[in-house]
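The values are calculated or read from the model by the stated rules, or taken from the named source; none is laboratory data. Fair warning: this is a prediction, and the values are worked out from it, not measured in the lab. Reconstructed Cβ throughout: ideal geometry from the backbone, glycine too, with neighbour counts over all protein chains shown. Calculation scope for accessible area: heavy atoms of the full protein, side chains included, ligands and nucleic acids excluded. Shrake-Rupley method; radii C 1.70, N 1.55, O 1.52, S 1.80 Å.
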Amino acid sequence: MRPTTTRCSRTRPRPWWRVWAGNRFGAGGPRRLGCTPMETLEELLNARLTAAFAAVVDGGADPVLRRSQHADFQADGALAAARKAKRNPREVAALVVEHARLDDLCETVEISGPGFINLTVSAGALGRLLAGMSAHDRLGIPAAVTPQTVVVDYSAPNVAKEMHVGHLRSTVIGDATVRTLEWLGHNVVKANHLGDWGTPFGMLIEHLLDIGEANAAEELSVGDLNGFYRAARAKFDADEAFQERSRRRVVALQGGDEETLRFWRMLVAESERYFMTVYDRLGVRLTDKDFFGESFYNDMLHPVVASLDELKLLKISDGARVVFPEGFVNRDGEPLPIIVQKRDGGFGYGTTDLAAIRYRTQELHADRIAYVVGLPQKQHFEMIFSAARSAGWLTASTRAEHVAFGSVLGTDGKILRSRAGDTIKLADLVDEAISRAAAAVAEKNPALSEAERDRVARLVGIGAIKYADLSNDRVKDYVFDWQRMLSFDGNTAPYLQYAHARIRSIFRRGAVSAPAGLTTIPVAEKAEHALALELLAFPAVVAVVADTLDFHKLTHYLFGLASAFTTFYEQCPVLKSEGEVRESRLALCDLTARVLCQGLDLLGITAPDQM
RNA sequence: GCGCUCGUAGCUCAGUUGGAUAGAGCAGUGGACUUCUAAUCCACCGGUCGCAGGUUCGAGUCCUGCCGGGCGCACCA
């Protein structure tokens, strides 16, 4: 949910508690991470097949390479190419196979069915590629050669209002976005679009004065934001005099009255302090430097309106100043506006979003802006993007996207609420996750020390919540189910964390470290072969996820990797094997652990070494 | 009314530019611990892919029309 903002007055000081360092990202750029670009298995196969297709088919053709149940990979491109050229698909496939240089990569290349090309990767190729990946500190994924500046707009709680499950998804998905893009070497601006401005602040400030500054600070700092807000609201609804005071207070706030601003800052600061405690417990990267609330854009609102006017985009409709982005109609089929300035002179939230997008493209020089906001806001963002394009504030050189997500449902299939029917405080949700995880850990591994158990419980509990959220297609609603997300079986965070802990345990138990400097990692067994293919797929998956921000594709991959590992673990003794086989298996273990650890880290989940 | 979004096994979900017999997990049933963590693994059972047409060698995927759930449609954000 987008935070609440209603009105704004003529002049306003810039928020004092933070200084936007305009050149914070300008100089230096990202650290170069000393990586050599590597070719992935899939890229290699694709390149060879593409060359073969070019030799066989006029104008060439996409090999349509993918993983297969019938072999390691299959290339289906011959069918489409044959149809286009009105040729026999099996013959095209045969010619492609004849022309393809695959000797160094494939054990077998066979044609099957109507013209599928089935590829089995040779052990030698797997060994070489695995060794390359293992020797690489970034697991085969180089840092971006041309880093982008990416603004991630997420979390966005409201001052003096409790964070609830609605903020959970934005925070978790946003954090995964930040981690993934930062790891890839991009300049990421974390923009926590705090709801820190608007009419409610009249009543909130009056309530603060009623109960006294000290009491208010106390109430807010312990996280009783709902209590504070409700009390203010109740008075506002019941007491006419209080209403009047609140209205005057809003005017004073908007007018820049110094004392009023001091109270407002206090509300904001106390709320931010509280939000930080929640973020810290959740283990997300947001800091107190990342609050860029709506008030941050206040100075930019009048200029936005003026610019729209100059650009002839501004229209007057029913006394309000509006822009009509093309292609949007209301229920009567009339053009649907974005209200940039209301009849009474106040600004709408659309104005703030326009100001923010202009700021982000023109001042921050963003190459990409990701709005991690709920699906219901979809039309709003389409309108904002459309208007911003018309104004020239959003050009083809910036990718603006609404990273939409669905609702969190209870096991009854309805929007998740507490038993009493209230919204659930995010802080309570975190507490419950940790206490449930603590109980599970205590039961399943009593040998852990108390301190270690607490640490593991926190990582498991938080991991479970995040993983449950990220492992579903984000655009869909998902069902929040404690039992399922904390299960050690199935596609869950604890399962992956456990797989990782088991691997670390091998090295502890064997008192060995991962072999280094291998030029090849021989794979012989079926389970080793399958694990190798999974490991080598990591770079491609990360690339897709960075592009689509579909994190369930990463969780899906990690689960497949962990499954492949446990099969290997059951069938291929590591410490009991000897010589080259032992070295190879230790290297596979190490590589799996590193990929699991890194993959989970991109999701904001920590994998403990033991649990 | 217009628009967006979802509908796949009893449950929770994958399914990438259209490709081979639609895949997992949970639950259920049956197996496997002198063993590097059994917090695991293996096997079986389970689906008219909401419905009906269409496009073609081939449709869960693309097109059209329905049905059902959720959401949005100007001065709250």
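Taking chain A as the reference, fit the longest principal axis to its C-alpha atoms, fit the long axis of helix A:225-238 to the helix C-alpha atoms, and give the angle between the two in degrees, 0 to 90, nearest 10.
40
For residue A:273 and residue A:55 in the same chain, what is the full-extension length gain: residue separation times 0.36 nm, less their Cα-Cα distance, in nm?
Values: separation 218, 0.36 × 218 = 78.48 nm, distance 6.42 nm.
Full extension from residue A:273 to residue A:55 adds 72.1 nm.
Using θ = phi - 60° and the Karplus curve 6.51 cos²θ - 1.76 cosθ + 1.60, what whole-Hz ³J(HN,Hα) does each residue of segment A:303-313 get, with Gly and Pro shown as x?
x, 4, 5, 4, 5, 4, 5, 4, 7, 6, 8
If you take the beta carbon distance between residue A:570 and residue A:439 as r and set R0 to 22 Å, what does 1/(1 + (r/R0)^6) give as a FRET efficiency, to the nearest 0.05?
Computed FRET efficiency for residue A:570 and residue A:439: 0.20.
Between 0 and 90 degrees, rounded to the nearest ten: what's the tilt of helix A:258-282 against the longest Cα principal axis of chain A?
The angle comes out at about 20 degrees.
Accessible area per residue, 1.4 Å probe, Å², for chain A: what's the number?
Here the residues of chain A average 44 Å² of exposed surface.
Run the 1.4 Å probe and let me know the accessible area of residue A:525, rounded to the nearest 10 Å².
The accessible area comes out at roughly 90 Å².
For labels at residue A:302 and residue A:488 in the simple 7 Å Cα→Cβ model, what's the distance in nm?
Each label point is offset 7 Å from its Cα along the Cβ direction, giving 6.4 nm.
Taking 0.36 nm per intervening residue step and subtracting the Cα-Cα distance, what contour gain separates residue A:428 from residue A:103 on full extension?
Extra length from residue A:428 to residue A:103 when fully extended: 111.1 nm.
Could you give the length gained on full extension between residue A:287 and residue A:226, defined as 0.36 nm per residue of separation minus the Cα-Cα distance, in nm?
19.7 nm
Label-point separation (nm) for residue A:375 and residue A:43, each offset 7 Å from Cα along Cα-to-Cβ?
Simple spin-label model gives 3.5 nm for this pair.
Hey, if you drop one equal point scatterer on each alpha-carbon of chain A and run the Debye formula without solvent, what base-10 log of I(q)/I(0) do you get at q = 0.05, 0.10, 0.12, 0.13 Å⁻¹?
Values, matching the q order: -0.28, -1.00, -1.26, -1.38.
Could you pull out every residue, at least 5 positions away or on a different chain, whose amide H is within less than 5 Å of the one on residue A:409? Hs are placed 1.01 Å off N in the peptide plane, and Pro or chain starts have none.
Close amide H contacts, sequence-distant or interchain: A:416, A:478, A:479, A:480.
Only helical DSSP H runs with n ≥ 4 go in: add -39500 (n - 2.57) per run for chain A, normalise by residue count and round the 222 nm mean residue ellipticity to 500 deg cm²/dmol.
Mean residue ellipticity, 222 nm, calculated: -16500 deg cm²/dmol.
Modelling each spin label as a point 7 Å along the Cα-to-Cβ direction, I'd like the residue A:526/residue A:266 distance in nm, to one decimal.
7.2
R0 = 41 Å: FRET efficiency of residue A:234 with residue A:334, Cβ-based, nearest 0.05?
In this case the efficiency is close to 0.55.
Give the calculated FRET efficiency between residue A:395 and residue A:316 to the nearest 0.05, with a Förster radius of 22 Å applied to their Cβ-Cβ distance.
0.20
Using a cut-off of 19 Å between alpha-carbon atoms, which aspartates and glutamates can reach residue A:289, once sequence neighbours fewer than 8 places away in the same chain are excluded?
Result set, ordered by chain and number: A:153, A:175, A:182, A:196, A:270, A:272, A:280, A:363.
Pairs of alpha-carbon atoms within less than 8 angstrom and 6+ residues apart define the contacts here; what relative contact order does chain A have, in percent?
Working: 1005 pairs, mean separation 98.3, N = 611.
Computed over chain A, the figure is 16 percent.
Treating the angle as unsigned and between 0 and 90°, give the value, to the nearest 10°, between the Cα long axis of helix A:378-390 and the longest Cα principal axis of chain A.
For helix A:378-390, the angle is close to 80 degrees.
Given the whole protein assembly as supplied and a 1.4 Å probe, what does the accessible area of residue A:209 come to in Å², nearest 10?
Using a 1.4 Å probe on the heavy atoms, I get roughly 60 Å².
Please say if segment A:184-324 is rounded, prolate or oblate, where rounded means a/c under 1.5 for a ≥ b ≥ c the square roots of the C-alpha gyration tensor eigenvalues, and otherwise the choice is prolate for a/b larger than b/c and oblate otherwise?
Verdict is oblate for segment A:184-324.
What figure in square angstrom, to the nearest 10, would you give for the accessible area of residue A:513 with a 1.4 Å probe?
For residue A:513, the solvent-accessible surface is approximately 90 Å².
Using heavy-atom solvent-accessible surface (probe 1.4 Å) with all chains present, what is the largest-first order of A:550, A:454, A:153?
Highest to lowest solvent-accessible surface, that is A:454, A:550, A:153.
Pop out the ³J(HN,Hα) list for segment A:138-154 in order, Karplus 6.51 cos²θ - 1.76 cosθ + 1.60 with θ = phi - 60°, rounded to Hz; leave Gly and Pro as x.
Here the 3J(HN,Hα) series is 10, 6, x, 10, x, 5, 4, 6, 10, x, 9, 8, 10, 9, 10, 9, 7 Hz.
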